[in-house]
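K.L.:
Would you mind keeping the following structure in view while I ask a few things?
The values are calculated or read from the model by the stated rules, or taken from the named source; none is laboratory data. Note that this is a predicted model, so its numbers are computed, not measured. Cβ sites come from the backbone with ideal geometry, for glycine too, and all protein chains shown count toward neighbours. Side chains included, ligands, DNA and RNA excluded: accessible areas come from the protein's heavy atoms. Shrake-Rupley method; radii C 1.70, N 1.55, O 1.52, S 1.80 Å.
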Amino acid sequence: MPCPSSCPPGLLALMAPGLALMATFSLSSQAGDRRALPVEKPPGVKGRTLILLDVNTKSPVRIISENFLSLQLDPSIIHDGWLDFLSSRRLVTLARGLAPAFLRFAGKRTDFLQFHNVKNPAKSRGGPGPDYYLKNYEDDIVRSDIALDKQKGCKIAQHPDIMLELQREKAAQMHLVLLKEQFSNTYSNLTLTARSLDKLYNFADCSGLHLIFALNALRRNPNNSWNSSNALSLLKYSASKKYNISWELGNEPNNYRTLIGRSVNGSQLGKDYVQLRSLLQLIRTYSRANLYGPNIGRPRKNVIALLEGFMKVAGSTVDAVTWQHYYIDGRVAKVTDFLKTRLLDTLSDQIRKIQKVVNTYTPGKKIWLEGVGATSSGGMNNLSDSYAAGFLWLNTLGLLASRGIDVVVRHSFLDHGHNHLVDHNFNPLPDYWLSLLYKRLIGPKVLAIHVAGLQRKPRPGRVIRDKLRIYAHCTSYHNHNYVRGSITLYIINLHRSRKKIKLAGTLRDKIVHQYLLQPYGKDGLHSKSVQLNGQPLAMVDDGTLPELKPRPLRAGRTLVIPPLTMSFYVVKNVNALACRYR
């Protein structure tokens, strides 16, 4: 890109051929020879390293879905009772903040879920019996069910504190049951009633989320083909209610041998998906519904073989190919794990493997990462729900977008573990606020960046490697505080020292709005609260989301990135050609 006549001489050398053009940023590629670039020192720079940054604003390198950041709910919410509280005004408000998005209803218990078309959940609810609850609690639930039939539009409730307190007690007990099932790898069946499905759809619809429902794939016939009878009952009921739903079949099919001692190979799974597609086409409401799958686990050798078999048979049947990824074994995680660059980079190899298989059989087919979280095994308290876990989450978003993954589904919005965005008091956790900022500021167009480092006194063996990561997008069109043509940078600084970034080229001398996220309180990286530009973030007393106020920076000012922080910078009035039109 041509340099303006006003650029300093050092910048002319920076833009010489050989400078990497990347959608994601790792300074190891620029400083790999461990020598300073032969450029003059910019006036007034006293730090060890100044990073010069420009963005290609002419055309995007990728365009991702408007629903790129999406959400998941695990069927365990039927077991622990939280499904009955999805009509909570507070939960709906929090979910609306992340719309537009998909809401995937799936997880480990997907393949133990049975649909039963009954109207009175009080008679069929699993878990502790009615004696466990106050009679008023049970009566209120039934009355709310009756109200669902009488009301039109969104059904939003304000649950009494006593109901929430009883529910938290029940959920705590059921959490132990669910953990026991998880570690013993033996899962009990779950019953989804018609009323429960109504509540699930009501939550998605009122929150502006599009529901994706994963059907049970472990109902098998003697010849190991899929038994679709129960799924057909669910489909017919949903169609009778005119519910707008997309569909999947099963969850992590590579684990079926571990779950039930019976495996399903890729070819058979592909035939099952073809059968499901035929079933959908027979039901007018779902004749054009989207179908996603096969939602495999980590792409190891056996999983890749399953995916290849599936793609041969059903690659053209699905609208997007899906897989899952969890970074850490939740039983051994520690807070410093979230600062390891090699951990952040484990996703890159998986993306490459999945893309290779998909492009071999169906070039150009969309790819989704469904079911992603910091840790497996339900996560760890004060770790996967802490500020520190945000480094993994934000880097996941940036890396997937830059590599062309169309949608990423976060596990989970609310569940029994510690990978969630909202806790059982309905309070947003750090990753929720990070996701909210992302939704408010980041648009679907991904931009390439030009970067380089200027070192005043180069020291062999001491270079900025990949602990500073920069991503760039067009600013969201839905954010009316910024005119079209603005761009948003988001930056992860894993260093324990501050870093300086000088905006150059098309970004030079523009007004910048800063959104700096840091932990709030004395717990540091373990904190479950965050502050934005020095002000703690929390829901307003009236139950609404707070205004996310930026800190305006003087035009031409060097960006100073504090240590161990995540930040967003909106560069205003760039008039970027790539960002002016949808």
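K.L.:
Among the listed residues Asp423, Asp319, Asp406, Asp415, which satisfies the condition of being within 25 Å of Leu209 (Cβ to Cβ), modelled with pLDDT under 95 and open to solvent by 10 Å² or more (accessible area, probe 1.4 Å)?
P.N.:
Asp423
K.L.:
Okay, moving on. Could you list, in sequence order, the residues of the stretch 244-253 that are open to solvent by less than 40 Å² (accessible area, probe 1.4 Å) and either within 16 Å of Gly309 (Cβ to Cβ) or of a type outside the set (A, V, I, L, M, F, W, C) (or both)? So that I can check it myself, show each step before the final result.
P.N.:
In the first step, residues of the stretch 244-253 are kept if they are open to solvent by less than 40 Å² (accessible area, probe 1.4 Å); the result is 245-253.
Answer for the stretch 244-253, where residues must be open to solvent by less than 40 Å² (accessible area, probe 1.4 Å) and either within 16 Å of Gly309 (Cβ to Cβ) or of a type outside the set (A, V, I, L, M, F, W, C) (or both): Ser246, Glu248, Leu249, Gly250, Asn251, Glu252, Pro253.
K.L.:
Right, here's the next one. Inspect the stretch 323-332 for any residue being touching a helix residue (DSSP H, G or I) at 6+ places or on another chain (Cβ under 7 Å), open to solvent by 50 Å² or more (accessible area, probe 1.4 Å), in the same structural domain as Phe391 (by the TED database) and aliphatic (A, V, I, L, M) and give the result as yes or no. Break it down stepwise before answering.
P.N.:
Our first condition is that a residue be touching a helix residue (DSSP H, G or I) at 6+ places or on another chain (Cβ under 7 Å); within the stretch 323-332, this holds for 323, 325, 327-328.
Keeping just the survivors that are open to solvent by 50 Å² or more (accessible area, probe 1.4 Å) gives none.
No, that holds for no residue.
K.L.:
Looking at Ser59 and the list (1) within 30 Å of His418 (Cα to Cα); (2) open to solvent by 40 Å² or more (accessible area, probe 1.4 Å); (3) modelled with pLDDT of 50 or more, which single condition is not satisfied?
P.N.:
The number of the failed condition is (1).
For every residue, the table says whether it meets (1) of a type in the set (Phe, Trp, Tyr); (2) open to solvent by less than 40 Å² (accessible area, probe 1.4 Å); (3) not assigned by the TED database to the domain that holds Leu190.
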residue	(1), (2), (3)
Gly81	no, yes, no
Ser88	no, yes, no
Val92	no, yes, no
Arg96	no, no, no
Ala101	no, yes, no
Gly107	no, yes, no
Phe112	yes, yes, no
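K.L.:
Also, quick follow-up: What pairs can you find where one residue is in the stretch 98-118 and more than 17 Å from His325 (Cα to Cα) and in contact (Cβ under 8 Å) with a residue 60 or more places away in the chain, the other is open to solvent by 10 Å² or more (accessible area, probe 1.4 Å) and basic (Lys, Arg), and their Cβ atoms are less than 6 Å apart, with a gap of 6+ or different chains?
P.N.:
What qualifies is Leu98/Lys439.
K.L.:
Hey, another quick one. Just checking, does the stretch 539-561 include any residue being hydrophobic (A, V, I, L, M, F, W, C) and without any contact (Cβ under 8 Å) to a residue 12 or more places away in the chain?
P.N.:
Here is the first cut: in the stretch 539-561, the residues hydrophobic (A, V, I, L, M, F, W, C) are 539-540, 545, 548, 553, 555, 559-561.
Now drop any that are not without any contact (Cβ under 8 Å) to a residue 12 or more places away in the chain, which leaves 540.
Scanning the stretch 539-561 turns up at least one residue that is hydrophobic (A, V, I, L, M, F, W, C) and without any contact (Cβ under 8 Å) to a residue 12 or more places away in the chain.
K.L.:
If you don't mind, there's one more thing I want to ask. Name the helices (runs of 4 or more DSSP H) wholly within the stretch 310-425 that hold at least 3 residues that are of a type in the set (Val, Ile, Thr) and within 19 Å of the chain's Cα centre (by Cα)?
P.N.:
Numbers: elements: 341-344, 346-361, 390-402.
Here the list reads 346-361.
K.L.:
Looking at this structure, is Lys366 surrounded by fewer than 22 Cβ atoms within 10 Å (Cβ to Cβ), without any contact (Cβ under 8 Å) to a residue 12 or more places away in the chain and in the same structural domain as Leu215 (by the TED database)? Don't jump to the end; show me each part of the working.
P.N.:
Working: surrounded by fewer than 22 Cβ atoms within 10 Å (Cβ to Cβ): yes; without any contact (Cβ under 8 Å) to a residue 12 or more places away in the chain: no; in the same structural domain as Leu215 (by the TED database): yes.
Considered against the rule, which asks whether it is surrounded by fewer than 22 Cβ atoms within 10 Å (Cβ to Cβ), without any contact (Cβ under 8 Å) to a residue 12 or more places away in the chain and in the same structural domain as Leu215 (by the TED database), Lys366 comes out as no.
K.L.:
Return the pair list, or none, for Cβ contacts closer than 7 Å from residues in the stretch 215-243 that are without any contact (Cβ under 8 Å) to a residue 60 or more places away in the chain and surrounded by 15 or more Cβ atoms within 10 Å (Cβ to Cβ) to residues that are among the polar types (S, T, N, Q) and in a loop (DSSP other than H, G, I, E, B), at least 6 apart or on different chains.
P.N.:
Pairs that qualify, where the first residue is without any contact (Cβ under 8 Å) to a residue 60 or more places away in the chain and surrounded by 15 or more Cβ atoms within 10 Å (Cβ to Cβ) and the partner is among the polar types (S, T, N, Q) and in a loop (DSSP other than H, G, I, E, B), are Arg219/Asn227; Arg220/Asn227; Asn227/Asn221.
K.L.:
Does Gln167 qualify as being in contact with a helix residue (DSSP H, G or I) (Cβ under 9 Å, 6 or more places away or on another chain) and open to solvent by 50 Å² or more (accessible area, probe 1.4 Å)? Even if it seems obvious, please write down each step before you answer.
P.N.:
Values: in contact with a helix residue (DSSP H, G or I) (Cβ under 9 Å, 6 or more places away or on another chain): yes; open to solvent by 50 Å² or more (accessible area, probe 1.4 Å): no.
Here the answer is no, as Gln167 does not meet what is asked.
K.L.:
Within the stretch 261-281, is even one residue outside any helix (DSSP H, G or I) and open to solvent by less than 10 Å² (accessible area, probe 1.4 Å)? Full working, then the answer.
P.N.:
First, pick out the residues of the stretch 261-281 that are outside any helix (DSSP H, G or I): 261-265.
When the remaining residues are screened for being open to solvent by less than 10 Å² (accessible area, probe 1.4 Å), the result is 264.
Yes: the stretch 261-281 contains one or more residues that are outside any helix (DSSP H, G or I) and open to solvent by less than 10 Å² (accessible area, probe 1.4 Å).
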